[in-house]
1. Can you tell me the order of 191-199, 284-292, 323-331 when each peptide is scored by its average per-residue count of other Cβ atoms within 10 angstrom, highest first?
2. Please list the three semi-axes, largest first and in whole Å, of the ellipsoid equivalent to region 153-303, using sqrt of 5 times the eigenvalues of its alpha carbon gyration tensor.
3. On the Cα set of region 225-331, report Rg and Dmax in Å, please.
4. Counting alpha carbon pairs within less than 8 Å and at least 6 residues apart, what relative contact order, in whole percent, applies to region 270-344?
5. To the nearest 0.05, what FRET efficiency results for Lys100 and Ser247 with a Förster distance of 51 Å applied to their C-beta separation?
6. For region 262-321, give the magnitude of the charge dipole about the Cα centre (Cβ charges: +1 Lys/Arg, -1 Asp/Glu; no others), in debye to the nearest 20.
7. Using R₀ = 25 Å, calculate the FRET efficiency as 1/(1 + (r/R₀)^6) where r is the Cβ-Cβ separation of Val304 and Ala344; round to 0.05.
8. If you roll a 1.4 Å probe over region 248-289 with all protein chains in place, what percent of the accessible area is carbon or sulfur?
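The values are calculated or read from the model by the stated rules, or taken from the named source; none is laboratory data. Just so it is clear, the model here is predicted, and its values are computed rather than measured. For neighbour counting, all protein chains shown are included, and Cβ atoms are generated from backbone atoms with ideal geometry for every residue, glycine included. Keep in mind that these areas ignore ligands, DNA and RNA; they rest on the heavy atoms of the full protein, side chains included. Shrake-Rupley method; radii C 1.70, N 1.55, O 1.52, S 1.80 Å.
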Amino acid sequence: MKSSPKNKLTLVLIGLVFALNLNAQRKVSEADKRIDDYLELLKQGYSEIEIFQDLGNVNFLTENYEAAIFWYEKLQNSVQIGSLSSSYQERYEYAQEKLKGNTTNEKRDWATAIKNDYGIEKSMSEQQIDIPAIAQNTKSSSLNEEGFTPEMSITRDGKTAYFSQISYLKPEFGVFSKKEPVHVLYKASNVNGEWKNIQKVAVCPKYYSAKHPTVSADGKRLFFASNMPGTFGKYDIYVSDIKADGSVGIAKNLGPKVNTKKNDLYPNLKNGTLLFFASEGRKGYGGLDLFAVQVAQNTLTESVNLGSTINSSSDDFSLALVPEKGMGYVMSNRGKKNKISQIAISYAKPVDASLVEKSEEGLMRALNNDKDTDYSSTVFEE
């Protein structure tokens with residue numbers, strides 16, 4: 001039995017309505033997916049610009065050009081004119097041409113172009129580092145998102161200072177992974193009383209951290225904490241020789257006499273050979289405890305816990321001594337509401353005050369003298 005023209009028209013209309021509904025559902029589904037992707041990345045802590053970059057790029061690489069154009073347009077509307085690399089505009093135009101059905105014989109390694117966009121790092125000067133703040137940091141320690149940052153370390157002649165700063169990098173693997181904080185070491189030169197010529201000090205691989213630098217008074221050795229491959233646990237303490245031209249040699253791990261399977265941080269060198277540091281991997285009083293170790297040219301003594309006069313059940317970060325006054329200052333969060341505080345202590349002043357900073361023996365004798373120890377606390381303001 002043949003269908004009448006009227007029946008054929010009815011079937012065509014039904015098919016058309018079905019196709020329109022399917023297309024509408026597909027568009028709604030695509031819109032829902034875009035919203036879901038956006039909200040998921042927002043929940044993970046990405047900024048809007050990072051979200052627009054990531055979703056534009058991932059859709060471009062998967063040849064979902066319509067979605068890529070959508071996110072690239074969002075990105076263009078969210079940044080200052082000229083601040084995007086030219087490759088973003090190239091990808092945007094390429095996606096438009098592909099969506100129109102235009103073919104191109106251009107063979108471009110788009111994945112590498114995208115990776116290069118993510119790999120762009122600003123130099124120290126481009127980051128507009130606050131030089132006055134750096135100079136101020138030579139006089140006092142500061143707080144950051146980790147809690148405590150030690151003061152800059154300056155050579156005895158006052159010409160060179162070392163410090164660390166946090167920058168945020170995409171991980172080496174996973175192009176669309178969230179940026180992670182990475183600590184980078186820098187050095188600055190004192191030029192007519194101003195800190196200038198800021199340069200990165202490459203002591204560890206790019207995607208690993210180096211922080212808490214301390215330089216020997218003669219400017220020949222640099223100690224720091226790093227989580228680079230080869231550590232015994234989390235952060236370990238390393239030392240590098242500083243060459244005559246100012247370049248830094250290969251970092252050497254201080255080994256198991258200092259480092260543990262947990263964090264070993266805040267190295268602080270006194271009188272050239274006595275190294276104070278904080279560790280949470282050794283037997284102590286709780287949290288980070290302060291230790292001392294004698295560092296000769298190529299040898300180390302065993303680490304010594306500085307005892308209950310210095311350490312507490314909280315985190316104790318660093319120690320500064322004033323031997324001639326029989327005084328010391330411990331940076332600790334043992335105060336009220338776990339605020340970082342500068343704890344002042346007094347101890348038995350030896351006949352030769354210089355012995356306190358020359359060896360663990362002299363220091364421990366002074367700290368463990370029968371004389372009562374006095375404490376006072378001043379809150380370290382944020």
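1. Peptide ranking by packing, descending: 284-292, 323-331, 191-199.
2. Taking √(5λ) for each eigenvalue gives 23, 23, 13 Å, largest first.
3. 14.2, 44
4. 23 percent
5. Details: r = 54 Å, r/R0 = 1.06.
For R0 = 51 Å, the calculated efficiency reads 0.40.
6. Details: 4 positive and 6 negative charges, 22 e Å.
Its charge dipole is roughly 100 debye.
7. On the way: r = 22 Å, r/R0 = 0.88.
After rounding, the FRET efficiency stands at 0.70.
8. It is 51 percent, rounded to a whole number.
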